[in-house]
1. Any residue that is surrounded by fewer than 22 Cβ atoms within 10 Å (Cβ to Cβ) and closer than 24 Å to ALA89 by Cα - is there at least one of those in region 320-328?
2. Please go through region 139-169 and pick out each residue that is at negative phi, assigned to a loop (DSSP other than H, G, I, E, B) and open to solvent by 30 Å² or more (accessible area, probe 1.4 Å).
3. Kindly indicate whether GLU554 is surrounded by 13 or more Cβ atoms within 10 Å (Cβ to Cβ), in contact (Cβ under 8 Å) with a residue 60 or more places away in the chain and under 23 Å from GLY495 (Cα atoms).
4. What are the pairs with Cβ atoms under 8 angstrom where one residue, in region 94-122, is closer than 15 Å to THR224 by Cα and the other, located anywhere, is of a type in the set (D, E, K, R) and surrounded by fewer than 19 Cβ atoms within 10 Å (Cβ to Cβ)? Sequence gap at least six, or different chains.
5. LEU502 fails exactly one of the following numbered conditions: (1) of a type in the set (A, V, I, L, M); (2) at pLDDT 85 or above; (3) farther than 20 Å from SER588 by Cα. What is the number of that condition?
6. Does PHE535 meet the test of being open to solvent by less than 20 Å² (accessible area, probe 1.4 Å) and not aliphatic (A, V, I, L, M)?
7. Scan (1) among the aromatic types (Phe, Trp, Tyr); (2) in contact with a helix residue (DSSP H, G or I) (Cβ under 8 Å, 6 or more places away or on another chain); (3) within 30 Å of MET204 (Cβ to Cβ) for the single condition PHE186 breaks and write down its number.
Amino acid sequence: MMAAASSSDSDSGKAESNDASSKWLDAHYDPMANIHTFSACLALADLHGDGEYKLVVGDLGPGGQQSRLKVFKGLRVLTESPLPALPAAAATFLIDQHEPRTPALAFASGPCVYVYKNLRPYFKFSLPQLPTNTLEQDLWNQAKEDQIDPLTLKEMLEGIREKADVPLSVQSLRFLQLERSEMEAFVNQHKSKAIRRQTVITTMTTLKKNLADEDAVSCLVLGTENKELLVLDPEAFTILAKMSLPSIPVFLEVSGQFDVEFRLAAACRNGNVYILRRDSKCPKYCIELSAQPVGLVRVNKVLVVGSTQDSLHGFTYKGKKLWTVQMPAAILTMNLLEQSSRGLQAVMAGLANGEVRIYRDKALLDIIRTPDAVTSLCFGRYGREDNTLIITTRGGGLIIKILKRTAVFVEGGGEVGPPPAQATKLSVPRKTRLYVDQTLREREAGTAMHRTFQTDLYLLRLRTARTYVQALESSLNPVSVTAREPLKLHAVVQGLGPTFKLTLHLQNTSTARPVLGLLVCFLYNEALYALPRAFFKVPLLVPGLSYPLETFVESLSDKGISDIIKVLVLREGQSAPLLSAHINMPVSEGLAAA
């Protein structure tokens, strides 16, 4: 019957896959499979160690039906058994190193984890009970002894619920929901029972124990309603580690090994994603989202978070936002696509418009269109095919697609997206307290600060102009500014002392006119230096040539001090110099050594 439905109703589901450019083969489509689940309750595993991978489904059982554990082999249901409560998550993991290496199947349901081995019940782990409210316990003891009536009990329990730090038990919460006519019968039925308060499991995943191998032993990681994360021992199923969260976890992603180093990301109901490490009992980093998370997938070293704002966000493990991609419809489910043969890891997003979009980082790789909204996704080995995609739809349909062996995912293969430069983040430094104070001060006194700045700028320009005019008038610059004597001068001092060689390079910078009748004069401290020629004439300066004028300077001081020697270039008959230069003489090392 299922095969007939598959062949007759698959035309609508194959509209996209019949295209020659499709990367997928349509293996099976059954719109009447009656599977109602989500991605956390799907798993693919070799449950019997025969190389034949089965599909494990935790069916929610809609319409008042009991939730069930279904195991598919190929296109048929291999086994089907009831579950005691609604499943929260499913996982397959190895609990020992014994041969044959058959994985165990774990289902989180209510406050318990049911572990199956070879599809038979193997172990049941129950969460530890929580402390009860002492006032609540006293009230039920009084009701047991008929000291208070049901109405009084309800009023006092409502007061406790509003003010007490410890929440009420399930028994009391159920009692508060009853009508007045049902209260007495409920009290008579439950007053002799002990008050118990127990949390439930909200999410579950697996963490490698001490090796990163694919067939290594793994631990179960549980997220609970009382804002805790528990790591269970794979053999004894005892609690190895307990971590606290500010809110209730709904999605988990882990990397690493428990005995070595691991990182754990938990998306919580308060709209935040918390990052924990092996040595931390509380979150180390926090990612604040602008909307509630609908999925969390780890792709290599990037955490991909889907939000109710119809968008995917990429974050590092330290909370840095890398990119954002907007979806055309609401995101209903997410999961990881890992093609080991090509080293590909990507994220799959099932949308309300019936699309399954595959992204590597923010690049769209492929779009798969289905006839109904997608509720769960699972990619991996099924049967003997390595790359199989399992899709369930809102109407209970089951779609199985196989990735072609020749398929290659190319970025932008689905549709053209925005240019990469659009999402480039500017490296803006953090706002310090000093920066904030300075900003406030600028807002309050902006006009006065601008006037002060302009006044200082005008004074700076005035002082610069005065200094420049003074330098021109006193010829303190080494380059002549007059058109009649276009000269340039620079000096070089050579030697260690006490005798130095002073070379002046004088150049006529005019294009055609020679310069004649120049004098060179040295001004210096005669107690420190002695020059054989302190005043001499300059020969004719041909345009464009640099003339070296050499003289010797002898240092007379043995105290290791030095001074400035001024060089003046004069024209015969004029007292004002044409050029001047100040030479900072070095310390005489010869006299200092003596």
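1. No, region 320-328 has no match at all.
2. Pass one, region 139-169, residues at negative phi: 139-145, 147-169.
Keeping just the survivors that are assigned to a loop (DSSP other than H, G, I, E, B) gives 145, 147-149, 164-169.
Residues satisfying the conditions are GLU145, GLN147, ILE148, ASP149, ALA164, ASP165, VAL166, PRO167.
3. Values: surrounded by 13 or more Cβ atoms within 10 Å (Cβ to Cβ): yes; in contact (Cβ under 8 Å) with a residue 60 or more places away in the chain: no; under 23 Å from GLY495 (Cα atoms): yes.
So GLU554 does not fit the description; no.
4. Correct list of pairs: CYS112/LYS124; VAL113/LYS124.
5. The single condition LEU502 does not satisfy is (3).
6. Numbers: open to solvent by less than 20 Å² (accessible area, probe 1.4 Å): no; not aliphatic (A, V, I, L, M): yes.
No, not satisfied.
7. (3)
The values are calculated or read from the model by the stated rules, or taken from the named source; none is laboratory data. Values in this document were obtained by computation on a predicted structure and should not be read as measured data. Cβ: placed from backbone, ideal geometry, glycine included. Neighbour counts: every protein chain shown. Heavy atoms of the whole protein, side chains included, go into the accessibility calculation; ligands, DNA and RNA do not. Shrake-Rupley method; radii C 1.70, N 1.55, O 1.52, S 1.80 Å.
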